[in-house]
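Working notes for the structure below.
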Amino acid sequence: MEHRPEEEEELPRMTTPMAVSFYLGMLFVAMVCSALTEPGLELLLQAPELRAIPWWGAGVGVGLMLVVATVAAEPIFPAMRELAQELIPVVAPFGMGRVLTLAICSGVAEEALFRGPCQHALGYVVASVLFALLHGGFSKRYIAWSTFALVAGLSFGLLVQAYGSVWPAVVAHFVVNAINLRRLGRMQANTGLDRSEP
C-alpha cells in the first residue's frame, strides 16, 4: 500500500521541560567536545573581537535580516506557510516566558555545538549542513525548514568567523527564534488554534 504524505506522523508536541532538557543535553555535548579539542572550553567562552560594528549589533542585524527573509518568503513559497502552520501545534503555547526560554536555550545550545566544536573541526559549511539536517533532516516534507536552517547556519558561521566567537551567532539565533516564535503565536491567534501546555 502506498504511503501518502498526508498520512505521515505529526511532529511530537514540545513541552518546556522537554525542550530545556534537550538543549541542556546539547550544551553538555558541546562543552565535552570543546574540552576534548584545542583550544578547549575557550572555544565557547572566547570574547568577540573588536570590529567597527559591535558583535551584538552584528548579531541583531543578521537575525533581523533572516526574519525579514522569512516574512518575504512566506507569500511566495507555499512550503514556508505550510511549515509555519505545522509548527504551531508543536511549539504552542506562545506566552512571552516560554518564547524567551525556547529562544535562549536553542540559541545558546545549538550555537555552542554547531558553531563551536563542529565549525572548529569541520568548517562552517559542513557545520551548517549538519545544522540544517537537525531542522528537518532529509524529509521533503520539511525542505523549507532545512533550507532556511542552512541559510541561517551559513550566516551564523560567517559571524563566528568575523568575530572569532560564538556569541554574535548566539545573539542572531536568539533574535530569529524569539521573533519567529512570537509570529507563530500571532498566526495561532488568527487561525483559532489553541493548545495550552499542561
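The values are calculated or read from the model by the stated rules, or taken from the named source; none is laboratory data. This structure is a prediction, so every number in the text was calculated from the model and none was measured. Neighbour counts run over all protein chains shown; Cβ positions are idealised from the backbone, glycine included. Quick note on the areas: whole protein, heavy atoms, side chains included, nothing else; ligands and nucleic acids left out. Shrake-Rupley method; radii C 1.70, N 1.55, O 1.52, S 1.80 Å.
Residue check, Gly136 against (1) of a type outside the set (Lys, Arg); (2) on the phi > 0 side of the Ramachandran plot; (3) open to solvent by 40 Å² or more (accessible area, probe 1.4 Å), all met but one. Which one?
Only one criterion is unmet by Gly136, namely (3).
Report yes if some residue within the stretch 30-47 is in contact with a Phe, Trp or Tyr (Cβ under 8 Å, 6 or more places away or on another chain) and either over 16 Å from Leu158 (Cβ atoms) or among the charged types (D, E, K, R) (or both); otherwise report no.
yes
Could you grab the pairs with beta carbons closer than 9 Å, sequence gap of 6+ or different chains, first residue in the stretch 136-150 and over 16 Å from Asn180 (Cα atoms), second one of a type in the set (Val, Ile, Thr)?
Gly136/Ile143; Gly136/Thr147; Leu150/Val129
If you go through the stretch 119-135 one residue at a time, do you hit one that is in contact with a Ser or Thr (Cβ under 6 Å, 6 or more places away or on another chain) and among the aliphatic types (A, V, I, L, M)? Give the derivation first.
Step one: of the stretch 119-135, the residues in contact with a Ser or Thr (Cβ under 6 Å, 6 or more places away or on another chain) are 132, 135.
Those still in the list that are among the aliphatic types (A, V, I, L, M) too: 132.
Among the residues of the stretch 119-135, at least one is in contact with a Ser or Thr (Cβ under 6 Å, 6 or more places away or on another chain) and among the aliphatic types (A, V, I, L, M), which makes the answer yes.
Given the criterion in contact with a Ser or Thr (Cβ under 9 Å, 6 or more places away or on another chain) and acidic (Asp, Glu), identify the matching residue among Glu49, Glu82, Glu111. So that I can check it myself, show each step before the final result.
Values: Glu82 fails: in contact with a Ser or Thr (Cβ under 9 Å, 6 or more places away or on another chain); Glu111 fails: in contact with a Ser or Thr (Cβ under 9 Å, 6 or more places away or on another chain).
Residue meeting the stated conditions: Glu49.
When you scan the stretch 11-86 for helices (runs of 4 or more DSSP H) that lie fully inside it, which ones turn up with 2 or more residues that are farther than 18 Å from His173 by Cα and among the hydrophobic types (A, V, I, L, M, F, W, C)?
16-35, 55-73
Can you work out which of the residues in the stretch 139-161 that are open to solvent by less than 30 Å² (accessible area, probe 1.4 Å) and farther than 18 Å from Val60 by Cα is modelled with the highest pLDDT?
Per the criteria, the residue is Ser146.
On the basis of being more than 20 Å from Ala178 (Cβ to Cβ), open to solvent by 60 Å² or more (accessible area, probe 1.4 Å) and free of Cβ contacts under 8 Å to residues at least 40 places away in the same chain, does Leu45 make the cut?
yes
Look at Gly97 and say whether it is on the phi > 0 side of the Ramachandran plot and free of Cβ contacts under 8 Å to residues at least 24 places away in the same chain.
In short, no.
Taking interchain pairs and intrachain pairs at least six residues apart, which have beta carbon atoms under 6 angstrom, with the first residue in the stretch 151-168 and closer than 18 Å to Leu45 by Cβ and the second open to solvent by less than 30 Å² (accessible area, probe 1.4 Å) and among the charged types (D, E, K, R)?
Phe156/Arg115; Val160/Arg115; Val166/Glu111; Val166/Arg115
Applying the selection to the stretch 54-79, what residues are over 14 Å from Trp167 (Cα atoms), among the aliphatic types (A, V, I, L, M) and either open to solvent by 30 Å² or more (accessible area, probe 1.4 Å) or more than 20 Å from the chain's Cα centre (by Cα) (or both)?
Selection gives Leu64, Met65, Val68, Ala69, Val71, Ala72, Ile76, Ala79.
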